[in-house]
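Okay, structure first, notes after.
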Amino acid sequence: MVNKIGLDLGYANITLSDASLEVVREPSVALLDKDTRRILSVGNTAMEMATADNQPVRPLKNGILYSVEFTEQIIKSVLSRLKNSTDIRCVFGIGADFNQKQIAQLRDILHSAGVKECFFVNRAMAAVIGAGFIPTMSVCSVNIGAKRTEVAILHKGEVVYSASKPIGGEDFDLAVQEYILKNGELNIALQDARKIKESIGAVWEGRCSEPIDVTGTLVLTGNRIHMSINTEDILGVFEKPLYELLNAVAIPMRRLEAKYIDAVLENGILLTGGGAELFGLDKMMRNVFKLPVSTMKAPDDLVARGLAAIASFLPVKMRHEGKDITEKIGELYTEYQSQKKKKND
C-alpha cells in the first residue's frame, strides 16, 4: 500500500501529514559533536540534548538549503514516525524562490531518505488547500513562517503571483528582544521574547492578558533580575516587522491585473503559518486592505495538511516525478473531482 504524505520543511520545524491528515512535527535541527562535527541527534532529541555551549544547527539559511547531510537525517527522523515507512509518495512544500537546482537536490535527498516518489508544490498554494479551500479558488494566500513569508495570488487554479519575502515570526520575536534591551537595558533570551510575543503581544487592541514574568541580565551590572511585563508595556514594539509584512502583501495587491481583481478581492486574504497567530494580525490586515481576511485553527499545520491532501488526489500514474507541479494542481484537482463524481453516479 502506498503511503501518501505531505512534508513541509521550514526554518523552525519539519511537519509531516499523512492521508488521514494526522500531523507530526519536529524541530528542523541537528546537534553536532563540537570536535568531529558528526551528527549526534536531530529533531526533538537534539533539542533535549542541547547545552549552552552546544546549540543545534539548522539546515536552512535565508531560505536556502545549505546542508544535505543535516536535511536527510532530519527527514529520515520524521519519516520513521510513519507506521508504514516503505513505498512512500511525498508532496513536498517549497518556497517561491526555490530554483530547479535546489528542487533536484531535494529530490535526491528524499530518495536517499526512503521516499519512492516525490513532487513539489508551492507552500502558499498548499496552505489554501490545507485550509479547506479548493485550489481553483481566487485568493491572496499569505503563509507566515519563522523566517520567511510566502505570498501568492491564486486565480482559478493559476498562480498569477508568487514571492518569498525575508520576514517571519522570528522578526517579531527579535523586535521584543531589542525593545526590552533598549528600554529596560535588559538582555533576554530569544525564546523568552517569543514567549512574551505569544502570551501578551498584540498588533490590535482588545487583548486582555495577565502580566508575564521574564528573567534577564542587566547590561550595566550583569546581574540577573526578574521583570514583569504586560501588553501595554510593549505597545508599538512590532511596528517595523509589521510594516515589512504588510508591504509584502501590498505589493502584489497593488499590481493585480484588472482581470483578476474582482475574483481575488471577493475572497480577500488567507492567513496561514505560525506567524498568523499573532493577536490582532487578521484585524490589522482587514483594516489596512479593506478586504476579508480569513484565519484557521492550527495555522502552522495547514501547509503540511494541504500537501497531504494533494498527495491523495494525484493520479496513480503521475508524470513529473521530482518536479514542481504547482501549476498543474488546479487541473489535477478538477480531473480528480470529475472522476469521483462519475464513480458516485
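Inspect region 26-45 for any residue being of a type outside the set (Phe, Trp, Tyr), in contact (Cβ under 8 Å) with a residue 60 or more places away in the chain and surrounded by 15 or more Cβ atoms within 10 Å (Cβ to Cβ) and give the result as yes or no. Let's see the steps before the verdict.
Going residue by residue through region 26-45, those that are of a type outside the set (Phe, Trp, Tyr) are 26-45.
Add one more test, that the residue is in contact (Cβ under 8 Å) with a residue 60 or more places away in the chain, and what stays is none.
No, the conditions are met nowhere in region 26-45.
Conditions tested, residue by residue: (1) under 24 Å from Val316 (Cα atoms); (2) at pLDDT 90 or above; (3) in contact with a helix residue (DSSP H, G or I) (Cβ under 7 Å, 6 or more places away or on another chain); (4) not acidic (Asp, Glu).
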{"position": "Gln73", "(1), (2), (3), (4)": "no, yes, no, yes"}
{"position": "Ser77", "(1), (2), (3), (4)": "no, yes, yes, yes"}
{"position": "Thr86", "(1), (2), (3), (4)": "yes, no, no, yes"}
{"position": "Cys90", "(1), (2), (3), (4)": "yes, yes, yes, yes"}
{"position": "Phe98", "(1), (2), (3), (4)": "no, no, no, yes"}
{"position": "Val121", "(1), (2), (3), (4)": "yes, yes, yes, yes"}
{"position": "Phe133", "(1), (2), (3), (4)": "yes, yes, no, yes"}
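Considering only residues that are over 16 Å from the mean Cα position of the chain (by Cα) and of a type in the set (Asp, Glu), which ones fall in region 257-284?
Within region 257-284, Glu257, Asp262, Glu266, Asp282 qualify.
Across region 135-155, what is the number of residues that are of a type in the set (Ser, Thr, Tyr) and closer than 21 Å to Pro315 by Cα?
So the answer is 1.
So which residues in region 90-125 are under 19 Å from Lys4 (Cβ atoms) and of a type in the set (Asp, Glu), if there are any at all?
Glu117
I want to confirm something. Restricting to region 299-345 and keeping residues that are part of a loop (DSSP other than H, G, I, E, B) and touching a strand residue (DSSP E or B) at 6+ places or on another chain (Cβ under 8 Å), which single residue is modelled with the lowest pLDDT?
Among those residues, the one meeting the criterion is Met318.
With respect to Gly157, is the statement that it is touching a helix residue (DSSP H, G or I) at 6+ places or on another chain (Cβ under 7 Å) and modelled with pLDDT of 90 or more true?
The answer is no for Gly157.
Results for (1) surrounded by 13 or more Cβ atoms within 10 Å (Cβ to Cβ); (2) free of Cβ contacts under 8 Å to residues at least 24 places away in the same chain, shown as yes or no for each residue.
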{"position": "Val303", "(1), (2)": "yes, no"}
{"position": "Ala308", "(1), (2)": "yes, no"}
{"position": "Leu314", "(1), (2)": "yes, no"}
{"position": "Lys317", "(1), (2)": "no, yes"}
{"position": "Lys323", "(1), (2)": "yes, no"}
{"position": "Glu331", "(1), (2)": "yes, no"}
{"position": "Glu335", "(1), (2)": "yes, yes"}
{"position": "Asn344", "(1), (2)": "no, yes"}
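Could you pull out every one of the strands (runs of 3 or more DSSP E) wholly within region 1-54 that has 1 or more residues that are under 30 Å from Val316 (Cβ atoms), of a type in the set (Ser, Thr, Tyr) and at pLDDT 90 or above? Don't jump to the end; show me each part of the working.
Values: elements: 3-9, 13-18, 23-27, 30-32, 39-42.
Where strands (runs of 3 or more DSSP E) fall fully within region 1-54 and carry at least 1 residues being under 30 Å from Val316 (Cβ atoms), of a type in the set (Ser, Thr, Tyr) and at pLDDT 90 or above, they are 13-18.
Which residues, taken from region 145-176, are out of contact with any strand residue (DSSP E or B) (no Cβ under 7 Å at 6 or more places or on another chain) and under 16 Å from Ala276 (Cα atoms)?
Those that are out of contact with any strand residue (DSSP E or B) (no Cβ under 7 Å at 6 or more places or on another chain) and under 16 Å from Ala276 (Cα atoms): Gly145, Ala146, Lys147, Pro166, Glu170, Asp171, Phe172, Asp173.
I need the full set of residues from region 77-100 which are under 18 Å from Leu307 (Cα atoms) and assigned to a helix (DSSP H, G or I), in order please.
Val78, Leu79
Kindly list the number of the only condition in (1) over 17 Å from Glu244 (Cα atoms); (2) over 24 Å from the mean Cα position of the chain (by Cα) that fails for Arg254.
Of (1) over 17 Å from Glu244 (Cα atoms); (2) over 24 Å from the mean Cα position of the chain (by Cα), only one is false for Arg254: (1).
Each row is one residue, and each column tells you yes or no for (1) of a type in the set (Gly, Ala, Ser); (2) surrounded by fewer than 18 Cβ atoms within 10 Å (Cβ to Cβ).
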| position | (1), (2) |
| --- | --- |
| Ile200 | no, no |
| Val214 | no, no |
| Thr231 | no, no |
| Gly236 | yes, yes |
| Glu244 | no, yes |
| Ala248 | yes, no |
| Met253 | no, no |
| Glu257 | no, yes |
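Yes or no: Ser112 touching a Gly at 6+ places or on another chain (Cβ under 6 Å), of a type outside the set (Phe, Trp, Tyr) and on the phi < 0 side of the Ramachandran plot?
On the way: touching a Gly at 6+ places or on another chain (Cβ under 6 Å): no; of a type outside the set (Phe, Trp, Tyr): yes; on the phi < 0 side of the Ramachandran plot: yes.
No, not satisfied.
For region 73-93, give me each residue that is of a type in the set (D, E, K, R) and either over 14 Å from Val115 (Cα atoms) or surrounded by fewer than 20 Cβ atoms within 10 Å (Cβ to Cβ) (or both).
Of everything in region 73-93, those that are of a type in the set (D, E, K, R) and either over 14 Å from Val115 (Cα atoms) or surrounded by fewer than 20 Cβ atoms within 10 Å (Cβ to Cβ) (or both) turn out to be Lys76, Arg81, Lys83, Asp87.
Which residues, counting only those in region 47-66, are surrounded by 15 or more Cβ atoms within 10 Å (Cβ to Cβ) and closer than 25 Å to Gln105 by Cβ?
Scanning region 47-66 gives Pro56, Val57, Arg58, Pro59, Leu60, Gly63, Leu65.
From the list Ile103, Ile109, Ile129, pick out the single residue that is out of contact with any helix residue (DSSP H, G or I) (no Cβ under 8 Å at 6 or more places or on another chain) and not in a loop (DSSP other than H, G, I, E, B).
The match here is Ile103.
The values are calculated or read from the model by the stated rules, or taken from the named source; none is laboratory data. The structure displayed is predicted, hence computed values, not measured ones. Here the Cβ is made from the backbone with ideal geometry for all residues, glycine too, and neighbour counts use every protein chain on show.
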